Ligand code: ATP
Ligand code: MG
């Protein structure tokens, strides 16, 4: 079976780490058909559009999408692309790797972040010179869809349950609905949950990340708290993410375009390659995904390493080392 993969490198180091991920995928015995498309600052400059119609259509029809990064135009690119794949959950693992200098090396968490609503649903207004407002939308249906996914996730991946992070003591209607719905769905599935207020979570995860495993949270909280966890594991160049919908999904490193090192061939390809491993797993190839993760882990531990991890290897050196180990 051939899997059509939309490949959207975008701007900056997206142009360097995305081809690295493709090189790793090509080393597997899986039949991929890669179709490349443009998005981001460069194509906007050339055509006036950050996300050409054909790129959107490609992401909306391919089996999965690999995305790199977009610069100034990030919001105009990634929000519609998440919509193109119908994504309702953003999966963000934050795990420290052996041999990598991390603030909290014992960290091993997965965030399941609501990906369609909350404060990012776009209802912002400027009422007068003095007053601006934002309407926060939380629906039972989106909370339920996320919770169903979370229950499947903990079952399939063999976790004990999940932690619901929210602020329902203050945002009683919106986060109240979120918390109640997620807890109810978990109950229906016999999945254990506990809850932590999002501000308290920020402290607890810094002091003792081991008490958390799978974390289910609303959109903004997931955005901020997963970046916080990224800080604990030491390095943007290592963190993958997946935007998953009912029929397709988009995979991207958590980092952006890294303009300070773009074009030099020294970006760490690990996050893009681990994102590709998430895609491989999503497509049903568990063993191949594990093989990629093992090869990345061994390379992180034994080298070669890029400059962000204290080494002097190039993107290509690291990619070749990972492919060799595969
Ligand atoms: P953007 O607006 O596109 O997010 P940024 O300036 O915020 O750009 P990021 O890509 O978010 O840059 O990266 C933040 C910092 O982390 C930069 O100093 C960058 O060099 C470094 N960094 C990010 N990703 C990588 C990577 N894959 N390899 C090495 N360094 C990285
Ligand atoms: Mg950034």
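For the chain, what is the mean residue ellipticity at 222 nm derived from helices alone (per DSSP H run of n ≥ 4: -39500 (n - 2.57); sum divided by total residues; nearest 500 deg cm²/dmol)?
Numbers: 11 runs with 138 residues, N = 326.
That calculation yields -13500 deg cm²/dmol at 222 nm.
One-quarter of the Cα convex hull surface for region 1-91, in nm²?
Approximately 6.0 nm², given one-decimal rounding.
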Contact order relative to length for the chain, counting C-alpha pairs under 8 Å separated by 6 or more residues, stands in percent at 23
Whole Å is fine, so just give me how far the alpha carbon centre of region 242-259 lies from that of region 37-74.
-> 13
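Which order, highest average first, do 171-177, 265-271 follow once you tally other Cβ atoms within 10 Å for each residue and take the mean per peptide?
Working: 171-177: 17.1, 265-271: 25.4.
Ranked from most to least packed, the peptides come out as 265-271, 171-177.
Order of 275-284, 253-262 by packing, highest average Cβ count within 10 Å first? List each step's numbers first, then the result.
Details: 275-284: 21.6, 253-262: 19.5.
Going by the mean number of other Cβ atoms within 10 Å, highest first, we get 275-284, 253-262.
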Determine the distance separating the Cα centre of region 1-17 from the Cα centre of region 127-165; give it in Å without decimals.
-> 28
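Assuming 0.36 nm per residue, please report the length gained on full extension of the stretch residue 133 to residue 158 beyond their Cα-Cα distance.
Numbers: separation 25, 0.36 × 25 = 9.00 nm, distance 4.22 nm.
Length gained between residue 133 and residue 158: 4.8 nm.
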For each of 162, 178, 201, count neighbouring Cβ atoms within 10 Å of the residue's Cβ, then give the residues from fewest to most.
-> 201, 162, 178
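May I ask you to order 234-243, 189-198, 25-34, 127-136 by the average number of other C-beta atoms within 10 Å around their residues, highest value first? Could you put the intermediate results ahead of the total?
Numbers: 234-243: 22.8, 189-198: 15.9, 25-34: 14.1, 127-136: 9.2.
With the highest mean Cβ count within 10 Å placed first, the list reads 234-243, 189-198, 25-34, 127-136.
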Nearest 10, in degrees from 0 to 90: the angle of helix 140-156 to the longest Cα principal axis of the chain is 50
Using a simple spin-label model with points 7 Å from Cα along the Cα→Cβ vector, what separation in nm is obtained for residue 192 and residue 30?
-> 3.3
Report, to the nearest 10°, how far helix 286-302 tilts away from the longest principal axis of the Cα atoms in the chain, using its own Cα long axis and a range of 0 to 90°.
-> 70
To the nearest 10 degrees, how steep is helix 270-282 against the longest Cα principal axis of the chain, on a 0 to 90 scale?
-> 70
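If the chain between residue 54 and residue 108 were fully stretched, how many nm would it gain, using 0.36 nm times the residue separation less the Cα-Cα distance? Before the final figure, lay out the partial values.
On the way: separation 54, 0.36 × 54 = 19.44 nm, distance 3.81 nm.
Gain on stretching residue 54 to residue 108: 15.6 nm.
With contacts defined as alpha carbon pairs under 8 Å and 6 or more residues apart, what's the relative contact order of region 29-137 in percent? Don't jump to the answer; show the numbers that get you there.
On the way: 116 pairs, mean separation 18.2, N = 109.
Once divided by the residue count of region 29-137, the mean separation gives 17 percent.
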Counting other beta carbons within 10 Å of each Cβ, put 144, 113 in order, fewest first.
-> 144, 113
Expected unfolding gain across residue 302-residue 180 under the 0.36 nm per residue rule, minus the alpha-carbon gap, is 39.3 nm
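Neighbouring Cβ atoms within 10 Å as the yardstick, rank 217, 151 fewest first. Please report the intermediate quantities before stating the final value.
Working: 217 29, 151 22.
The fewest-first ordering by Cβ neighbours comes to 151, 217.
Values in this text are rule-based calculations from the coordinates and carry no lab data. In this text the structure is predicted, and so the values were computed from the model without any measurement. In this analysis, Cβ positions are derived from the backbone assuming ideal geometry, glycine residues included, and neighbour counts consider all displayed protein chains.
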